[in-house]
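Asker: Mind having a look at this structure? Questions to follow.
The values are calculated or read from the model by the stated rules, or taken from the named source; none is laboratory data. Please read all numbers here as calculations on a predicted model, not as lab measurements. Every residue, glycine among them, receives a Cβ derived from its backbone with ideal geometry; neighbour counts consider all protein chains shown. To get the accessible areas, we keep the full protein, side chains included, count just its heavy atoms, and leave off ligands, DNA and RNA. Shrake-Rupley method; radii C 1.70, N 1.55, O 1.52, S 1.80 Å.
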Amino acid sequence: MPIATTNPATGQVLKSYDPMSAEQIDAAIERADLAYRQLRGTTIAQRERWLTAAADLLEAERDETARLMTTEMGKTYAAAKAEVTKCATACRFYAAKAAEFLADEPADAAAVKATRAFVRYQPIGPVLAVMPWNFPLWQVMRFAAPALMAGNTGLLKHASNVPQTALLLEDLFRRAGFPEGAFTTLLVGSAEVDRVLSDPRVRAATLTGSEGAGRSIAQIAGRELKKTVLELGGSDPFVVMPSADLDRAAEVATTARCQNNGQSCIAAKRFIVHADVFDAFAEKFAAHMSALRVGDPMDPDTDVGPLASEGGRDEIHAQVRDAVDRGATVLCGGEPPTGPGWFYPPTVVTDLRPEMRMWSEEVFGPVAGLYRVSSYDEAIEVANGTAFGLGSNAWTRDPEEQERFATDLDAGNVFVNGMTTSYPELPFGGVKNSGYGRELSALGMREFCNTKTVWVGEGAATAGAGAHAE
Ligand code: NAP
């Protein structure tokens with residue numbers, strides 16, 4: 001894949017880059033390793049000042065940064081601005097919370113026959129981050145902010161279609177004051193991931209991307225015995241039960257499917273509706289989906305911009321055609337427009353069957369699958385009947401059902417009467433083929449820490465646990 005910015009609204013190639021040479025990659029890893037030795041000796045208070053400066057820069061430069069993201073991958077300008085703001089919020093969150101998340105944790109010293117015993121969280125070194133284009137700033141920031149606050153350094157291999165956003169991130173952390181090499185963008189193709197992750201100076205990897213990329217990185221990491229966090233695809237269920245507020249559910253379902261032009265790992269993709277309310281919900285949902293305006297992502301009136309690539313657009317159309325050819329019904333959309341740009345209309349498909357691709361594959365665009373079920377148990381069976389387990393949504397006003405959904409949905413999160421979203425305060429990640437490990441919250445920061453047990457016997461100095469967190 002060429003490393004280049006191509007505007008998805010026009011198909012025009014705007015800027016291309018030569019991939020880095022083996023020598024340049026080696027030099028970048030060396031700088032990341034040296035920066036790690038420097039960073040781990042800094043105080044949390046120092047790193048807090050740098051990360052706060054990064055948040056200030058993001059906020060001050062929000063509009064230019066947003067415009068760049070829209071140009072590189074087609075999200076609406078409004079969504080891009082919100083993404084920049086979210087990144088600044090995450091920087092401030094980790095700047096403020098790092099001292100608490102990294103503080104020594106006292107243990108029961110008497111139970112382990114020590115005079116003092118505690119757990120200390122320490123950085124591990126340079127971490128490789130392989131990232132996708134769909135939230136080109138946010139996906140990186142939710143790794144980078146906690147990693148840098150913990151004292152690790154980052155090597156970013158971003159998706160090949162967002163090189164300018166990747167370079168912007170390196171520049172951001174440098175200007176915020178982090179040491180040279182603390183965060184480095186590697187302009188390389190995915191074939192170079194093996195070289196980087198095999199290098200002994202690189203201690204771990206995090207990947208957000210497709211199942212295939214996850215398997216590939218996990219194989220390399222297995223061979224090299226390195227820790228990985230994998231945030232992979234999803235085919236999130238959105239269950240609607242008879243007691244649900246149908247108007248609100250249909251509105252939120254539309255946003256949950258079409259936000260980011262339908263290209264979100266945690267987009268609701270399968271709408272599983274109880275037969276008692278199926279027809280009413282289907283009508284409202286298709287009406288909302290049809291009313292969305294598709295067009296120029298810079299236009300403030302646009303709801304849905306283009307898909308990020310021609311291949312991505314062709315793939316979702318092939319999934320829809322496959323379903324239709326095997327007997328599915330299209331309630332709205334289903335035909336890409338002619339003309340430049342990789343647009344696809346919001347589409348609702350029903351009468352789906354297990355032999356259709358849409359039943360089991362992730363659909364990465366504004367296309368919703370609508371399923372009719374006749375009971376709670378059947379809703380759970382369809383919702384969990386997928387290889388993925390990232391997010392999930394359930395709509396019901398029945399308190400007992402709300403409790404049951406929270407337990408029974410086999411996913412990394414359950415949102416009741418809402419839509420799956422990521423917050424710095426809450427852990428984020430999946431089960432099954434959606435990956436493993438967690439980002440965000442204290443857990444996300446500790447994924448790339450050495451959780452070190454410290455046991456001190458007779459003759460200990462008097463300083464207690466807690467001395468480490470400045
Ligand atoms: P992708 O093709 O897997 O690309 C993601 C990143 O992995 C890119 O940097 C890509 O580099 C790299 N890559 C691809 N194949 C690789 C391989 N074999 N070895 C090493 N690196 C490899 O995914 P995408 O199509 O861009 O993104 C969409 C997918 O990401 C969807 O499945 C979506 O659900 C998932 N996603 C998951 C989350 C989550 O948090 N769970 C969040 C967002 C997206 P190149 O660009 O150079 O190919």
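Asker: Kindly state which helices (runs of 4 or more DSSP H) lie completely within the range 115-229 and contain at least 2 residues that are open to solvent by 10 Å² or more (accessible area, probe 1.4 Å) and away from the ligand (no atom under 15 Å from the Cβ). Quick ask: steps written out before the conclusion?
Answerer: Working: elements: 138-150, 163-176, 193-198, 211-224.
Passing ranges, in order: 163-176.
Asker: Which residues, counting only those in the range 24-79, are without any contact (Cβ under 8 Å) to a residue 24 or more places away in the chain and among the small types (G, A, S)?
Answerer: A27, G41, A60, A66, listed by residue number.
Asker: Return yes when P106 is closer than 17 Å to N450 by Cβ, of a type outside the set (S, T, Y) and touching a residue at least 12 places away in the same chain (Cβ under 8 Å) and no when it is not.
Answerer: no
Asker: Name every residue in the range 312-321 that is closer than 18 Å to G339 by Cβ and small (G, A, S), in order of residue number.
Answerer: G312, the sole residue that qualifies.
Asker: Also, quick follow-up: In the list A54, A32, A45, which residue meets the criterion of being modelled with pLDDT of 95 or more, loosely packed, with under 14 Cβ neighbours inside 10 Å and of a type in the set (A, V, I, L, M)?
Answerer: Details: A54 fails: loosely packed, with under 14 Cβ neighbours inside 10 Å; A32 fails: loosely packed, with under 14 Cβ neighbours inside 10 Å.
Among A54, A32, A45, only A45 is modelled with pLDDT of 95 or more, loosely packed, with under 14 Cβ neighbours inside 10 Å and of a type in the set (A, V, I, L, M).
Asker: Still on this structure, please answer the following. Among the residues of the range 1-21, how many are within 16 Å of the ligand (Cβ to nearest atom) and out of contact with any helix residue (DSSP H, G or I) (no Cβ under 9 Å at 6 or more places or on another chain)?
Answerer: 3
Asker: Here's something else I'd like to know. Given the residues G327, G295, which is the only one that is under 29 Å from the mean Cα position of the chain (by Cα) and either among the hydroxyl-bearing types (S, T, Y) or at pLDDT 95 or above (or both)?
Answerer: Only one candidate qualifies: G295.
Asker: Looking only at residues that are aliphatic (A, V, I, L, M) and open to solvent by 30 Å² or more (accessible area, probe 1.4 Å) in the range 429-455, which one is farthest from E362 (Cα to Cα)?
Answerer: Of everything passing the filter in the range 429-455, V454 is farthest from E362 (Cα to Cα).
Asker: In the range 296-324, which residue that is of a type in the set (V, I, T) and either open to solvent by 10 Å² or more (accessible area, probe 1.4 Å) or within 16 Å of the ligand (Cβ to nearest atom) (or both) is farthest from T71 (Cα to Cα)?
Answerer: V324
Asker: Quick check on V84: is it surrounded by fewer than 24 Cβ atoms within 10 Å (Cβ to Cβ), away from the ligand (no atom under 16 Å from the Cβ) and over 29 Å from F343 (Cβ atoms)?
Answerer: Considered against the rule, which asks whether it is surrounded by fewer than 24 Cβ atoms within 10 Å (Cβ to Cβ), away from the ligand (no atom under 16 Å from the Cβ) and over 29 Å from F343 (Cβ atoms), V84 comes out as no.
Asker: Now for a separate question. Any idea which of (1) over 28 Å from A442 (Cβ atoms); (2) open to solvent by 40 Å² or more (accessible area, probe 1.4 Å); (3) of a type in the set (D, E) is the one E59 doesn't satisfy?
Answerer: (1)
Asker: From the list E100, E83, exactly one residue is within 30 Å of P366 (Cβ to Cβ) and of a type outside the set (A, V, I, L, M, F, W, C). Which is it?
Answerer: Of E100, E83, the one residue that is within 30 Å of P366 (Cβ to Cβ) and of a type outside the set (A, V, I, L, M, F, W, C) is E83.
Asker: Would you pick out the residues in the range 266-298 that are more than 14 Å from N393 (Cβ to Cβ), in a loop (DSSP other than H, G, I, E, B) and in contact (Cβ under 8 Å) with a residue 40 or more places away in the chain?
Answerer: Correct list: L292, G295, D296, P297, M298.
Asker: Oh, and also: In the list V277, V320, which residue meets the criterion of being under 30 Å from P242 (Cα atoms), of a type in the set (V, I, T) and out of contact with any helix residue (DSSP H, G or I) (no Cβ under 7 Å at 6 or more places or on another chain)?
Answerer: V320
Asker: Being of a type in the set (D, E, K, R), surrounded by fewer than 21 Cβ atoms within 10 Å (Cβ to Cβ) and either part of a helix (DSSP H, G or I) or modelled with pLDDT of 95 or more (or both): is that true of E72 here?
Answerer: It is false that E72 is of a type in the set (D, E, K, R), surrounded by fewer than 21 Cβ atoms within 10 Å (Cβ to Cβ) and either part of a helix (DSSP H, G or I) or modelled with pLDDT of 95 or more (or both).
Conditions (1) without any contact (Cβ under 8 Å) to a residue 24 or more places away in the chain; (2) more than 14 Å from the ligand (Cβ to nearest atom); (3) touching an Asp or Glu at 6+ places or on another chain (Cβ under 6 Å), marked per residue:
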position: G369; (1), (2), (3): no, yes, no
position: D377; (1), (2), (3): yes, yes, no
position: G385; (1), (2), (3): yes, yes, no
position: N393; (1), (2), (3): no, yes, no
position: F405; (1), (2), (3): no, yes, no
position: A411; (1), (2), (3): no, no, no
position: N417; (1), (2), (3): no, yes, no
position: Y423; (1), (2), (3): yes, no, no
position: E458; (1), (2), (3): no, yes, no
